Amino acid sequence: MPYETVAGTHELASRLGHSTAAVRAIADQRTFHVPAETLHDVEEIRKRIRHRADFNSSVSRLSSALAVDGSYVVERVRDGLPSVLYGFAQAAAAYLNLSILETQEAERFVDPYEIERAINTALVTLDLPVAGAYTREGVDIATSWREAIDQLFRTKKIEVNRLNQTLLELLFLLHGKPGGPASTVPVNCPTEDCSKDLPVPPAGVRCGACNIWLFPTDVLRIHEEVSEEGSNQTALGRLMSVVELLVLVGLATLLWEQSRNDLLPATLFIVDGPLAVYGPPAKLRGRALDYFQAMAATTPGVGPFVCGIEKSGTMVDYARQLARHDVLAPGDLLVCDEHIIARVTNATNARAYGKETYWGRKFVYRALDGRVVVPTVMPPSGAPYDVNGGQPDPSDYPTLAAILDVVDRTGSSMYVDGIIPVAAAHGKAAFPIGVGTDVLRLVATTRLGLNQTAHNSGLVP
């Protein structure tokens, strides 16, 4: 029996409610290969498993964790004009004092005040027209994105304690070295078949060949992925990932400058997702690796401790299959060498996997409480992946033992296989649903001047 609504009519099922069941039924009749669905050569896999006890390290236990997470959303903001889309992105950092958190383990009931005291968060937000709307009249969508990103990077700041830098300043810092930002960044002119790797200072410069104005943020090349048609959500996701990386750079550098001998060697920096950069901005991968390895060379001990945590993807699916079949026991680490990568990705050239995108190496770990995580960890020198297979041996990652220890100590039941620092950052970065969407629409309408335009044109009374 259908429910009766307040209007007196009966509640009706969605016209598309059957679509998921129909697609799954069609897929079930097709034949295709899913690497994570079946396990072959289990004995070969077990040869690549090391136990947690093999990585006992002389490094002191870390006392804090700092996680970075981002979120983005694209909203239709003009009734009657569904092609007008506005994008919002934000990145959050959550600092977790592990010492305070662990005092609650012995308590019968968790003290919310102590949990609140253990976590501090910060947020940077961005918004821009992504499709169907432009920064000004007379420009195409690529130019609109270029102008918007440049303006955002000049005005948006990472403001945490003594850190007060714009995204543009952090971008130049990433292209330099800790304590010494670059004076220029290499930019490809957006004009087709024009100059490449032109040195562009923070103020920008004109291309000597075509006279177009070059922004330093053109180094990201995000504008290459946008189009006049579609929502451009992928490009917005790329922008969010870059901002996440810059937040990490800013916070790690702050500790490197202010507390290199104390807080930095005791803090784990966690990125939600792998240590990788995809798409047009992928050249930042090499910049990130060089930057943090330079920081490692000037940090006491084996720090800084940096890792990424993947929550989804083929490797995560494969890891959960290993745990489900007890191939991975609690405390076990799977070394993801060329053999495992070929098995999971179905790649024909697994040896060169990740060399263009990853600045950390993937491992699969089953925590002591049974959770399964896929961390990516940065080596202190050399590339994690290259044409010769990279560095799959855990002994090449001296920070690994301390990272696994934090994973064991910070299990969260809020999400499947979650850890508390990432959950805290996600809670800060996630966009609210419901009324939150209405607020985003209102912000976008105001930024674009659509309310005033509608009134002036007589479209609304």
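Things worth noting here:
- Simple label model, 7 Å out from Cα along Cβ direction - Glu356 to Ser381, nm: 2.9
- Remark: the range 188-345 carries a charge dipole of roughly 240 debye about the Cα centre, counting +1 on each Lys and Arg Cβ and -1 on each Asp and Glu Cβ.
- Pairwise FRET efficiency - Thr121 versus His325, Cβ, R0 = 51 Å, nearest 0.05: 0.85
- Within the accessible area of the range 36-90, the carbon and sulfur atoms contribute 45%, probe 1.4 Å, all protein chains present.
- Of the GluC sites (Glu not before Pro) found in the range 147-208, those that fall in a DSSP loop while having at most 13 other beta-carbon atoms within 10 Å are Glu192.
- Heavy-atom accessible area order for Val387, Val306, largest first, 1.4 Å probe: Val387, Val306
- The length gained by stretching the chain between Asp193 and Asp317 to full extension, at 0.36 nm per residue less their Cα-Cα distance, is 40.4 nm.
- Computed accessible area, Tyr278, all protein chains, 1.4 angstrom probe, square angstrom: 90
- Protection proxy ranking of 65-78, 335-348, by the mean of other Cβ atoms within 10 Å over each peptide's residues and highest first, is 65-78, 335-348.
- Counting only protein heavy atoms and using a 1.4 Å probe, the accessible area of Ser183 comes to about 90 Å².
- Shape call, the range 210-257: gyration tensor on alpha carbons, a/c limit 1.5: oblate
- Net charge of neighbours whose Cβ lies under 9 Å from the Cβ of Lys311, counting Lys and Arg as +1 and Asp and Glu as -1: -3
- For the range 118-264, a simple Cβ point-charge model (Lys and Arg +1, Asp and Glu -1, everything else neutral) yields a dipole of about 580 debye relative to the Cα centre.
- With K and R counted +1 and D and E -1, the other residues having a Cβ less than 12 Å from that of Pro392 yield a net charge of 0.
- Neighbourhood charge, 14 Å Cβ-Cβ cut-off, centred on Cys207 and excluding it, Lys, Arg +1 and Asp, Glu -1: -1
- For the pair Ser83 and Ser259 in one chain, pulling the backbone fully straight at 0.36 nm per residue adds 58.4 nm over the alpha carbon distance.
- The overall shape of the range 229-365 is oblate: from the C-alpha gyration tensor, with semi-axes ordered a ≥ b ≥ c, the ratio a/c is 1.5 or greater and a/b is no larger than b/c.
The values are calculated or read from the model by the stated rules, or taken from the named source; none is laboratory data. It should be emphasised that the depicted structure is a prediction, and the values quoted were computed from it without experimental measurement. So basically every Cβ, Gly included, is an ideal-geometry build from the backbone, and we count neighbours across all protein chains shown. Remember, those area values only see protein heavy atoms, side chains included, never the ligands or the DNA or RNA. Shrake-Rupley method; radii C 1.70, N 1.55, O 1.52, S 1.80 Å.
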